[in-house]
Amino acid sequence: MNPIIKVENLKAVYLVREGTIKAADGISFEVPENSVTAIVGESASGKSTIIEAMTKTLPPNGRILSGKVLYNGKDILTLSNEELRKIKWKEIALVPQAAQQSLNPTMKIIDHFKDTVEAHRVNWSHNELIKKASEKLKMVRLNPEVVLYAYPLQLSGGMKQRVLIALALLMEPKVLILDEPTSALDVLTQAHIIQLLKELKKMLNITLIFVTHDIAVAAELADNVAVIYGGNLIEYNSTFQIFKNPLHPYTNGLINSIMAVNADMSKVKPIPGDPPSLLNPPSGCRFHPRCEHAMEICKKEKPQLIETENGAQVACYLYKEGGR
Ligand code: ATP
Ligand code: SF4
Ligand code: MG
């Protein structure tokens with residue numbers, strides 16, 4: 001399938017008093033059109049950095065050092081602000097992490113829709129706006145008559161998340177990126193949001209990319225999974241293969257930890273050690289201090305992402321190009 005987005009060697013850092021935080025260190029992956037891709041990793045592994053670098057929405061102390069983000073072959077990172085404004089929301093829409101807090105408590109939901117339209121210099125009449133906003137709210141299973149005239153505080157967390165998705169869909173983007181769409185919600189509401197995203201995927205001709213720290217959510221929703229560890233993409237494969245045959249020792253540990261819910265607890269092995277510092281990351285493979293298979297070379301040289309003969313992509317010296 002054609003990639004709609006191709007990320008090539010994306011490097012992004014944050015400048016802090018102590019130095020640079022190497023939060024996305026040479027990330028490369030392809031997103032097939034009309035697929036669902038999950039970016040999975042533990043907290044502070046660099047998931048949001050990847051998304052924010054891809055959409056040029058890093059905070060002021062964030063810097064993109066190198067790389068390309070090709071959207072239909074065009075590098076987003078080289079676009080002018082004006083060109084980027086045209087693509088954003090109409091082609092690629094983003095629901096950032098914790099976006100619920102960005103809803104203005106003094107503005108009704110209808111005004112949030114109005115602001116979005118004005119920001120994108122779209123010439124819709126008031127009636128057109130109501131019609132389009134209502135259509136999108138219905139898509140996310142909300143009642144527009146109630147929700148459009150409500151203030152954010154009158155809505156539950158799950159409803160606010162739906163409103164944010166409806167806002168992101170307003171300009172009918174081809175790619176929808178969601179950063180942690182289910183975190184900070186109770187388990188039942190999480191399940192409803194996952195179900196909704198599945199429905200949207202079926203209903204619309206859309207490509208979804210979402211970030212989650214919960215590999216179980218990825219299992220439910222994604223076609224492909226990109227596993228991030230310490231600012232590196234360490235494994236990329238179809239969801240089925242990632243679960244059936246995880247290759248990287250870290251992915252293996254992640255899968256083991258969720259199997260715990262249903263399986264024999266005695267077989268569950270938590271990954272020993274702590275996540276790496278991204279200010280002074282470990283040399284070579286960033287996972288080496290925690291890896292039971294670590295070899296001399298792992299401490300010295302960073303393993304590159306290679307494709308195995310089964311089409312999996314993995315960055316680990318236990319595997320070699322075209323084979324195990
Ligand atoms: P979470 O699951 O908690 O959202 P994440 O995987 O999205 O985590 P990022 O937010 O991308 O992780 O952060 C990657 C690293 O960069 C972390 O070490 C984080 O502390 C650091 N970081 C993020 N934003 C900034 C910033 N504005 N300034 C300095 N460091 C930052
Ligand atoms: Fe372990 Fe070495 Fe593979 Fe890193 S490269 S995961 S340290 S075996
Ligand atoms: Mg994040």
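Rule-based calculations on the coordinates, nothing more; no lab input. The model shown is predicted, which means the values in this text are computed figures rather than measured ones. Don't worry about glycine lacking a Cβ; one is built from the backbone with ideal geometry, like all the others, and counts go over all protein chains shown.
Some observations on this one:
- Phi-derived couplings, Karplus 6.51 cos²θ - 1.76 cosθ + 1.60 at θ = phi - 60°, listed residue by residue for the stretch 287-301: 8, 4, x, 10, 9, 6, 9, 4, 10, 3, 4, 4, 7, 9, 10 Hz, with x used for Gly and Pro.
- Too-long pairs where the Cα-Cα distance tops 20 Å, listed order kept, from Lys86/Lys174; Lys56/Lys88; Lys22/Lys86: Lys22/Lys86
- For Leu65, distant residues with modelled amide H under 5 Å away: Lys11, Ala12, Val13
- Out-of-range pairs (alpha-carbon distance over 27 Å; input Lys68/Lys108; Lys74/Lys108; Lys114/Lys160; Lys68/Lys136; Lys47/Lys244; Lys6/Lys131): Lys68/Lys108; Lys74/Lys108; Lys68/Lys136; Lys6/Lys131
- Each distinct pair of alpha carbons in the stretch 159-219 adds a 1/r term; the inverse of their mean, the Kirkwood radius, is 11.9 Å.
- Solvent-free Debye scattering, log10 I(q)/I(0), computed from the Cα coordinates of the chain at q = 0.09, 0.14 Å⁻¹: -0.49, -1.13
- Within the chain, DSSP assigns beta bridges of which about 65% are antiparallel (rounded to the nearest 5).
- Here's how it looks for Ile4: its modeled amide H is under 5 Å from those of Val31, Glu33, which are all 5 or more places away or on a different chain.
- Once C-alpha pairs closer than 8 Å and six or more residues apart are averaged by separation and normalised to the residue number of the chain, the relative contact order reads 20 percent.
- Distant alpha-carbon pairs in the stretch 99-171 (separation over 17 angstrom), percent: 33
- Scalar couplings 3J(HN,Hα) for the stretch 93-108, obtained by applying the Karplus form with A = 6.51, B = -1.76, C = 1.60 to θ = phi - 60°, are 10, 10, 9, x, 4, 6, 5, 4, 6, 7, 5, 6, x, 8, 10, 5 Hz; x denotes Gly and Pro.
- Net +/- balance of residues flanking Ser125 in space, Cβ distance below 12 Å, scoring K and R +1, D and E -1: +2
- Percent of C-alpha pairs per 5 Å bin in the stretch 151-259, short distances first: 2, 11, 21, 21, 18, 14, 8, 4, 1, 0.
- Per-peptide average of other Cβ atoms within 10 Å, ordering 156-164, 217-225, 122-130 highest first: 217-225, 156-164, 122-130
- Normalising the average separation of contacting C-alpha pairs (under 8 angstrom, six or more residues apart) by the number of residues puts the relative contact order of the stretch 99-171 at 44 percent.
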